[in-house]
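The values are calculated or read from the model by the stated rules, or taken from the named source; none is laboratory data. Everything numeric in this text was worked out from a predicted model, so none of it was measured. Here the Cβ positions follow ideal geometry from the backbone for every residue, glycine too, while neighbour counts run over all protein chains shown. Side chains are part of the model used for accessible areas, which takes the heavy atoms of the whole protein and leaves out ligands, DNA and RNA. Shrake-Rupley method; radii C 1.70, N 1.55, O 1.52, S 1.80 Å.
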Amino acid sequence: QVQLVESGGGWVRPGGSLNLSCAASISTSSINVMGWYRQAPGKQRELLATFIIRHMTNYADSAKGRFTLSRDNAKNTMYLQMNNLQPEDTAVYYCRALWAGHEYWGQGTQVTVSS
């Protein structure tokens, strides 16, 4: 069983930045696939960025150039640095992990971008 807890969301003006955190209850060095998703109101959940096979990363087009994925295995935490946020980035942001053949999700953290 893996618990994932997101934090770092909030309200920011257009052009602002946020750094989201996802703390895992197990060693993140043992998780091969771990990433960030988001779901805006009335829309499907979409992939933003994910680690695939430990240190390799994959970014969705909507995240390339503005979002940076990283993790600190010493703290068992994954991060998503988000820059130049726009109103269309408003959504609930979720952390996901695949471990031992099972899928785990965090509870989500709200990001609101408005002036």
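Just a few scattered comments:
- Largest to smallest accessible area among Trp36, Trp105 [probe 1.4 Å]: Trp105, Trp36
- What the phi angles of region 74-83 give under the Karplus curve with 6.51, -1.76 and 1.60, with θ = phi - 60°, is a coupling list of 5, 9, 6, 9, 10, 10, 9, 7, 10, 10 Hz, glycine and proline written as x.
- With each label modelled as a point 7 angstrom along the Cα→C-beta vector, the Arg13-Thr68 pair spans 2.3 nm.
- Semi-axis lengths, Å, the chain, gyration tensor of Cα atoms, sqrt of 5 times eigenvalues: 23, 14, 13
- Rounded to the nearest whole Hz, the Karplus-based 3J(HN,Hα) values (6.51 cos²θ - 1.76 cosθ + 1.60, θ = phi - 60°) of region 16-33 follow the sequence x, 10, 9, 10, 8, 10, 10, 8, 9, 7, 10, 5, 5, 5, 8, 9, 6, 10, with x at glycine and proline.
- Amide H contacts under 5 Å for Ala49, placed H, 5+ residues apart: Trp36, Ala60
- The peptide list 8-15, 91-98, put in order of mean Cβ contacts within 10 Å with the highest first, becomes 91-98, 8-15.
- Shown for the chain: the carbon plus sulfur share of the solvent-accessible area, taken with all protein chains present and a 1.4 angstrom probe, equals 50%.
- Counting DSSP beta bridges with both ends in the chain, the antiparallel % (nearest 5): 95 percent
- About its Cα centre, the dipole of the chain is roughly 100 debye, where the only charges are +1 on Lys and Arg Cβ and -1 on Asp and Glu Cβ.
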